[in-house]
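Participant: Below is a structure I'd like to ask you about.
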Amino acid sequence: MKSIKTRPYIPERLEIEEITPNHIRLYAYPFEPHYAITVAHPVRRLLLSSTVGYAPIAIKIEGVVHEFDSVRGVAEDVTPFIVNIKNLKFKINEEEKKQHEKFEFEYEFHGPMELRGEHLSNDIMTIIDSTSHLANINSDAKLKFSLVIQRGLGYVPSEAIREEIGNDYIPLDAFFTPVKKAVYTIENVLHESNPNFEKIIFEVETNGQVDPMEAFKEAITIMHSQMSVFGAELNDVPTSNNRLNDDSPELKILLSSVEILNLEHRPSNCLQKSNIKYIGELVLMSESDLKNIKNLGKRSFDEIASKLLEVGYKIGDDLPNDLVITLNKRLAKLKGQN
């Protein structure tokens, strides 16, 4: 006969496995049956949406008026050069992190040379992907530019950044999230003769900007701080029938164009032919639905899944019901206008 409980069991075991310096696996157990997913899912969402990172938000290039311009003597036009800059991963010196949230760096390079990520590193900031190609500068040519890098959360579109920078700068879509991978699996584990207790196995991988264990700790800290609001006297909190705000940051991301994912030509072309224009459409699709898109191969599928994780979502994500309803209405309206 099972004993009658008065409170759920509190898990005590935590094991950490380092796969690489930027990739860890955590094992937490034993959880009461069905408790594991209650804990794991919000932690995963917080890892992807609330881990602070650094990204370029604006660039000013000497002699360039707009992003569709070109620079004399530089093989790449401004647009592909900017894409290469946006794909870089920046690691800021620990001491500088404590003092500043925004940095501006000025550069001047003379050809002939291949400009790579490593050429942007300095005493304050290091480029993680140092061998990344940025541009080819021809003989007797010069490339002079200023780059603004800022600390932030999630994804911020260039339209929002435009309001914060001067007219001389070209705003950039900013992908701040340093977490590349945050997934979990749940397994049954034997505890006190009960085989239905659960174990959470978390995998966390970052792009090198932050330590994965620090990112995990920060997600737990944020969860605790968000829950602290319920520590107030609940009777003093007025009730309301608040519905999802159409201007919520989450909805803005889901209603953003798939173009912000910077997909390669093949997956981008497949989505375009299937009339899939918005991130929310991808999130609402099941894995099998996406894989069944004509001419979309495994490599293209994997790229789409990876890019979605960068903005905090996955294909077939378990969104709250009120968000799904609002999202479907807004998508139908947007698609009807096109």
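Participant: Lys329 - would you say it is without any contact (Cβ under 8 Å) to a residue 24 or more places away in the chain, over 23 Å from Arg45 (Cβ atoms) and not small (Gly, Ala, Ser)?
Facilitator: Working: without any contact (Cβ under 8 Å) to a residue 24 or more places away in the chain: yes; over 23 Å from Arg45 (Cβ atoms): no; not small (Gly, Ala, Ser): yes.
Answer is no for this residue.
Participant: Being within 30 Å of Gly152 (Cα to Cα) and either open to solvent by less than 30 Å² (accessible area, probe 1.4 Å) or at pLDDT below 80 (or both) narrows it down to one residue among Ser300, Ser257; which is it?
Facilitator: Going through Ser300, Ser257 in turn, the sole match is Ser300.
Participant: For residues in the stretch 15-62 being among the β-branched types (Val, Ile, Thr) and part of a loop (DSSP other than H, G, I, E, B), which is most open to solvent (accessible area, probe 1.4 Å)?
Facilitator: Checked the stretch 15-62; the qualifying residue most open to solvent (accessible area, probe 1.4 Å) is Val52.
Participant: Right, here's the next one. Return yes when Gly316 is buried (at least 18 other Cβ atoms within 10 Å of the Cβ), at pLDDT below 85, small (Gly, Ala, Ser) and under 30 Å from Glu18 (Cα atoms) and no when it is not.
Facilitator: no
Participant: Another question about this same structure. Taking the residues in the stretch 248-301 that are β-branched (Val, Ile, Thr) and assigned to a helix (DSSP H, G or I) as candidates, determine which candidate is nearest to Phe175 (Cα to Cα).
Facilitator: Per the criteria, the residue is Ile260.
Participant: Anything in the stretch 310-338 that is among the basic types (Lys, Arg), part of a helix (DSSP H, G or I) and touching a helix residue (DSSP H, G or I) at 6+ places or on another chain (Cβ under 8 Å)? List them, or say none. Step through it out loud before you land on a result.
Facilitator: Pass one, the stretch 310-338, residues among the basic types (Lys, Arg): 314, 329-330, 333, 335.
Within this subset, residues satisfying the condition of being part of a helix (DSSP H, G or I) are 329-330, 333, 335.
Hit for the stretch 310-338 is Arg330, nothing else.
The values are calculated or read from the model by the stated rules, or taken from the named source; none is laboratory data. Fair warning: this is a prediction, and the values are worked out from it, not measured in the lab. FYI the Cβ positions are ideal-geometry reconstructions off the backbone, even for glycines, and counts take in every protein chain you see. Ligands, DNA and RNA are excluded from the accessible area calculation, which covers all protein heavy atoms including side chains. Shrake-Rupley method; radii C 1.70, N 1.55, O 1.52, S 1.80 Å.
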